[in-house]
Amino acid sequence: MVAVIDYDAGNIRSVEKAVAALGGQAAVTRKPEEILSAEHVILPGVGAFGDAMGKLRKYGLDGVIREVVARKTPFLGICLGLQLLFESSEESEGVKGLGILPGKIVRIPEGADLKIPHIGWNSLSYPNPGRLFKGVQEQSYVYFVHSYYLQAEDAGIVRAVTQYGVEIHASVEKENIFACQFHPEKSSETGMRILKNFLEME
(Lines give C-alpha, C1' and ligand atoms only; values in the text may rest on other atoms or scores of the structure.)
Protein backbone atom coordinates (compact mmCIF):
# COMPACT_ATOMS: atom_id res chain seq x y z
CA MET A 1 0.00 0.00 0.00
CA VAL A 2 1.11 3.56 -0.78
CA ALA A 3 0.23 6.16 1.84
CA VAL A 4 -0.43 9.62 0.38
CA ILE A 5 -0.23 12.00 3.35
CA ASP A 6 -3.32 14.16 3.76
CA TYR A 7 -2.66 17.50 5.47
CA ASP A 8 -5.27 19.65 3.68
CA ALA A 9 -2.87 20.67 0.90
CA GLY A 10 -3.79 20.95 -2.76
CA ASN A 11 -3.11 18.40 -5.50
CA ILE A 12 -3.28 15.28 -3.32
CA ARG A 13 -5.95 13.43 -5.32
CA SER A 14 -4.02 13.67 -8.59
CA VAL A 15 -1.15 11.79 -6.95
CA GLU A 16 -3.57 9.13 -5.71
CA LYS A 17 -4.91 8.71 -9.27
CA ALA A 18 -1.42 8.46 -10.75
CA VAL A 19 -0.48 5.70 -8.31
CA ALA A 20 -3.68 3.84 -9.18
CA ALA A 21 -2.94 4.23 -12.91
CA LEU A 22 0.37 2.43 -12.29
CA GLY A 23 -1.44 -0.44 -10.60
CA GLY A 24 -0.65 0.62 -7.05
CA GLN A 25 -3.08 0.82 -4.16
CA ALA A 26 -3.04 4.32 -2.66
CA ALA A 27 -4.63 5.51 0.55
CA VAL A 28 -5.00 9.24 1.19
CA THR A 29 -4.61 9.33 4.96
CA ARG A 30 -3.38 11.18 7.99
CA LYS A 31 -3.68 8.15 10.29
CA PRO A 32 -0.24 7.41 11.79
CA GLU A 33 -0.80 3.64 11.81
CA GLU A 34 -1.67 3.60 8.10
CA ILE A 35 1.29 5.78 7.15
CA LEU A 36 3.76 3.79 9.24
CA SER A 37 2.54 0.44 7.87
CA ALA A 38 2.72 1.55 4.23
CA GLU A 39 5.32 0.15 1.85
CA HIS A 40 5.82 3.59 0.27
CA VAL A 41 4.90 7.07 1.52
CA ILE A 42 4.30 10.20 -0.58
CA LEU A 43 4.08 13.79 0.71
CA PRO A 44 2.55 15.80 -2.14
CA GLY A 45 1.20 19.31 -1.96
CA VAL A 46 0.62 22.73 -3.40
CA GLY A 47 0.34 25.69 -1.03
CA ALA A 48 2.26 27.93 1.35
CA PHE A 49 5.22 26.65 3.38
CA GLY A 50 4.13 28.14 6.71
CA ASP A 51 0.52 26.97 6.44
CA ALA A 52 1.68 23.48 5.48
CA MET A 53 4.08 23.17 8.42
CA GLY A 54 1.30 24.36 10.72
CA LYS A 55 -1.01 21.62 9.42
CA LEU A 56 1.67 18.92 9.68
CA ARG A 57 2.24 19.88 13.32
CA LYS A 58 -1.50 20.21 14.04
CA TYR A 59 -2.10 16.64 12.86
CA GLY A 60 1.09 15.28 14.45
CA LEU A 61 2.40 14.32 11.03
CA ASP A 62 5.83 15.91 11.45
CA GLY A 63 6.80 13.21 13.91
CA VAL A 64 5.20 10.51 11.76
CA ILE A 65 7.25 11.62 8.73
CA ARG A 66 10.45 11.49 10.76
CA GLU A 67 9.53 7.97 11.89
CA VAL A 68 8.89 6.89 8.28
CA VAL A 69 12.33 8.19 7.31
CA ALA A 70 13.98 6.50 10.30
CA ARG A 71 12.37 3.18 9.35
CA LYS A 72 13.95 3.46 5.86
CA THR A 73 10.55 3.30 4.15
CA PRO A 74 10.80 4.76 0.63
CA PHE A 75 9.55 8.35 0.95
CA LEU A 76 8.78 10.81 -1.86
CA GLY A 77 8.16 14.54 -1.46
CA ILE A 78 6.52 16.34 -4.40
CA CYS A 79 6.61 20.13 -4.98
CA LEU A 80 5.74 21.65 -1.58
CA GLY A 81 6.49 18.19 -0.18
CA LEU A 82 10.11 18.61 -1.27
CA GLN A 83 10.37 22.07 0.28
CA LEU A 84 9.00 20.96 3.64
CA LEU A 85 11.83 18.43 4.04
CA PHE A 86 14.34 21.27 4.37
CA GLU A 87 15.13 23.74 7.12
CA SER A 88 13.42 27.01 6.16
CA SER A 89 11.74 29.00 3.40
CA GLU A 90 11.82 32.66 2.47
CA GLU A 91 8.09 32.33 1.87
CA SER A 92 7.47 31.97 5.62
CA GLU A 93 10.19 33.70 7.63
CA GLY A 94 10.69 32.26 11.09
CA VAL A 95 8.89 28.99 10.34
CA LYS A 96 11.07 25.91 10.71
CA GLY A 97 10.71 23.16 8.14
CA LEU A 98 11.06 19.48 8.94
CA GLY A 99 14.84 19.85 8.72
CA ILE A 100 15.28 16.26 7.56
CA LEU A 101 17.66 17.46 4.84
CA PRO A 102 20.02 20.47 5.03
CA GLY A 103 19.17 23.44 2.84
CA LYS A 104 16.81 26.33 2.37
CA ILE A 105 13.99 27.38 0.06
CA VAL A 106 14.41 30.77 -1.63
CA ARG A 107 12.31 32.87 -4.00
CA ILE A 108 13.00 32.64 -7.71
CA PRO A 109 14.54 36.03 -8.62
CA GLU A 110 12.54 38.34 -10.83
CA GLY A 111 13.78 38.47 -14.41
CA ALA A 112 12.79 40.64 -17.35
CA ASP A 113 11.50 37.69 -19.33
CA LEU A 114 10.63 35.29 -16.50
CA LYS A 115 7.18 35.00 -15.02
CA ILE A 116 6.74 34.16 -11.35
CA PRO A 117 5.38 31.67 -10.47
CA HIS A 118 7.31 29.42 -12.80
CA ILE A 119 4.61 27.38 -14.56
CA GLY A 120 5.43 25.04 -17.39
CA TRP A 121 7.70 22.39 -18.86
CA ASN A 122 11.46 22.40 -18.28
CA SER A 123 14.16 19.89 -19.12
CA LEU A 124 16.27 18.08 -16.54
CA SER A 125 20.03 17.60 -16.29
CA TYR A 126 21.58 15.05 -13.95
CA PRO A 127 24.59 16.20 -11.90
CA ASN A 128 24.55 12.88 -10.00
CA PRO A 129 22.96 9.55 -10.94
CA GLY A 130 19.56 9.07 -9.30
CA ARG A 131 17.42 5.97 -8.92
CA LEU A 132 14.23 7.92 -9.69
CA PHE A 133 15.54 8.62 -13.18
CA LYS A 134 16.34 5.07 -14.25
CA GLY A 135 15.31 4.82 -17.90
CA VAL A 136 14.56 8.57 -18.10
CA GLN A 137 16.82 10.29 -20.61
CA GLU A 138 18.63 13.45 -19.65
CA GLN A 139 16.92 16.58 -21.05
CA SER A 140 13.49 14.97 -20.59
CA TYR A 141 10.79 17.54 -19.85
CA VAL A 142 8.72 17.68 -16.67
CA TYR A 143 6.04 20.08 -15.37
CA PHE A 144 6.74 22.74 -12.73
CA VAL A 145 4.47 25.08 -10.74
CA HIS A 146 6.38 27.09 -8.11
CA SER A 147 7.62 30.50 -6.98
CA TYR A 148 10.30 29.22 -4.60
CA TYR A 149 13.11 26.76 -5.17
CA LEU A 150 15.57 24.62 -3.27
CA GLN A 151 19.17 25.48 -2.53
CA ALA A 152 20.43 22.21 -1.05
CA GLU A 153 23.38 22.54 1.30
CA ASP A 154 24.81 19.18 0.18
CA ALA A 155 25.33 19.15 -3.59
CA GLY A 156 25.82 15.40 -3.38
CA ILE A 157 22.12 14.75 -2.81
CA VAL A 158 21.03 16.71 -5.91
CA ARG A 159 20.00 14.29 -8.66
CA ALA A 160 18.36 16.64 -11.20
CA VAL A 161 18.57 20.34 -11.97
CA THR A 162 16.80 22.72 -14.34
CA GLN A 163 17.33 26.33 -15.36
CA TYR A 164 14.86 29.16 -14.82
CA GLY A 165 16.91 32.31 -14.46
CA VAL A 166 18.94 30.39 -11.87
CA GLU A 167 19.91 26.76 -11.42
CA ILE A 168 17.07 25.02 -9.60
CA HIS A 169 17.67 21.87 -7.62
CA ALA A 170 14.79 19.91 -9.14
CA SER A 171 15.24 16.54 -7.41
CA VAL A 172 17.16 15.14 -4.46
CA GLU A 173 17.86 11.66 -3.12
CA LYS A 174 19.41 10.50 0.13
CA GLU A 175 19.09 6.86 1.17
CA ASN A 176 15.32 6.21 1.29
CA ILE A 177 14.36 9.89 0.81
CA PHE A 178 13.42 11.13 -2.65
CA ALA A 179 11.91 14.47 -3.61
CA CYS A 180 10.97 16.41 -6.76
CA GLN A 181 10.19 20.10 -7.15
CA PHE A 182 8.28 19.24 -10.33
CA HIS A 183 5.04 17.26 -10.54
CA PRO A 184 5.68 13.74 -11.85
CA GLU A 185 1.94 13.04 -11.72
CA LYS A 186 1.42 15.85 -14.27
CA SER A 187 4.50 15.14 -16.39
CA SER A 188 3.09 12.68 -18.93
CA GLU A 189 5.00 9.47 -19.67
CA THR A 190 8.24 10.81 -18.20
CA GLY A 191 6.57 11.55 -14.88
CA MET A 192 4.81 8.20 -14.77
CA ARG A 193 8.15 6.46 -15.31
CA ILE A 194 9.62 8.42 -12.40
CA LEU A 195 6.68 7.45 -10.17
CA LYS A 196 6.97 3.83 -11.30
CA ASN A 197 10.66 3.86 -10.37
CA PHE A 198 9.73 5.13 -6.91
CA LEU A 199 7.05 2.49 -6.40
CA GLU A 200 9.60 -0.19 -7.27
CA MET A 201 11.98 0.97 -4.49
CA GLU A 202 12.41 -1.43 -1.61
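The values are calculated or read from the model by the stated rules, or taken from the named source; none is laboratory data. Since we're looking at a predicted model, the values are computed, not measured. Neighbour counts run over all protein chains shown; Cβ positions are idealised from the backbone, glycine included. Only protein heavy atoms, including side chains, enter the accessible area calculation; ligands, DNA and RNA are left aside. Shrake-Rupley method; radii C 1.70, N 1.55, O 1.52, S 1.80 Å.
Checking Gln137, Gln151 one by one, the residue that is surrounded by fewer than 19 Cβ atoms within 10 Å (Cβ to Cβ), farther than 19 Å from Pro74 by Cβ and free of Cβ contacts under 8 Å to residues at least 24 places away in the same chain is Gln137 and no other. For the range 46-82, the set of residues classified as buried (at least 20 other Cβ atoms within 10 Å of the Cβ), among the small types (Gly, Ala, Ser) and either within 11 Å of the chain's Cα centre (by Cα) or part of a loop (DSSP other than H, G, I, E, B) (or both) consists of Gly77, Gly81, listed by residue number. Restricting the range 154-169 to residues that are without any contact (Cβ under 8 Å) to a residue 40 or more places away in the chain and assigned to a helix (DSSP H, G or I) leaves a set whose member that is least open to solvent (accessible area, probe 1.4 Å) is Gly156.
Just a yes or no: is a residue in the range 102-117 of a type in the set (Gly, Ala, Ser) and surrounded by 19 or more Cβ atoms within 10 Å (Cβ to Cβ)? Spell out how you get there, then give the answer.
First, the residues of the range 102-117 that are of a type in the set (Gly, Ala, Ser): 103, 111-112.
Narrowing the set further to residues that are surrounded by 19 or more Cβ atoms within 10 Å (Cβ to Cβ) leaves 103.
Within the range 102-117, one or more residues are of a type in the set (Gly, Ala, Ser) and surrounded by 19 or more Cβ atoms within 10 Å (Cβ to Cβ).
May I ask you to list the residues in the range 170-200 that are open to solvent by 30 Å² or more (accessible area, probe 1.4 Å) and either more than 30 Å from Asp113 (Cα to Cα) or not charged (D, E, K, R) (or both)?
We begin by selecting, within the range 170-200, every residue open to solvent by 30 Å² or more (accessible area, probe 1.4 Å); these are 174-175, 186, 188-190, 192-193, 196, 199-200.
Within the range 170-200, Lys174, Glu175, Ser188, Thr190, Met192, Arg193, Lys196, Leu199, Glu200 qualify.
Pull up the range 20-45, narrow it to residues that are open to solvent by 30 Å² or more (accessible area, probe 1.4 Å) and in a loop (DSSP other than H, G, I, E, B), then point me to the one that is nearest to Arg71 (Cα to Cα). Please lay out each step first, then the result.
Our first condition is that a residue be open to solvent by 30 Å² or more (accessible area, probe 1.4 Å); within the range 20-45, this holds for 20-23, 25, 28, 30-34, 36-37, 39.
With in a loop (DSSP other than H, G, I, E, B) added as a condition, the list becomes 22-23, 25, 30-31, 39.
On the way: Leu22: 25, Gly23: 25, Gln25: 21, Arg30: 18, Lys31: 17, Glu39: 11 Å.
In this case the residue turns out to be Glu39.
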